[in-house]
Amino acid sequence: MRSRAAPRIRIKRAYERASRDDGARVLVDRLWPRGVSRQALALDEWAKDIAPSDQLRRWFGHDPRRWKEFVSRYREELRAPAARERLEALARRARARPLTLVYGARDEQHNDAVVIADALRRRSRRVARSAPRRAA
């Protein structure tokens, strides 16, 4: 039987120390964070295939004034079939245990992990709404 518990999705900078509470740790950036070793990141996975395209990443340049347009463009990229499959795999992982999306940007509010976490939470709500209710 699958759990209907809300997934526990967190985001964390790559420069913060990993902890046991992180659960599965997935790096969601296309580029490896500068100055951080693989051992220090303690990753379960590197999902660079769902990171923003190089073109979108460069256009955004972590400029908060471009945030709304970045989110719109990035959500469009995440609608591609391969990205949707990858998001579904991450959503399944998050339903099973905590999931921490790891990113390297300085800005904690305007980065790709924020968009991915939102997409995963939206997906989870849709799945929960469409799941058949069990009789009490």
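Against the main long axis of the alpha-carbon atoms of the chain, helix 67-78 sits at an angle near 60°. Sorting 60-68, 107-115 by average packing, meaning the other beta carbons within 10 Å per residue, from highest down gives 107-115, 60-68. Spacing of the modelled spin labels on residue 34 and residue 18, each 7 Å from Cα toward Cβ, amounts to 2.3 nm. Can you give the helix-only mean residue ellipticity at 222 nm for the chain, where every DSSP H stretch with n ≥ 4 adds -39500 (n - 2.57) and the sum goes over all residues, rounded to the nearest 500 deg cm²/dmol? Computed mean residue ellipticity for the chain: -13000 deg cm²/dmol.
Quick note: the coordinates plus some simple rules give every number you see, no bench work behind them. All values reported here derive from a predicted model rather than from experimental measurement. Every residue, glycine as well, gets a Cβ built from its backbone with ideal geometry; the counts of neighbours run over all protein chains shown.
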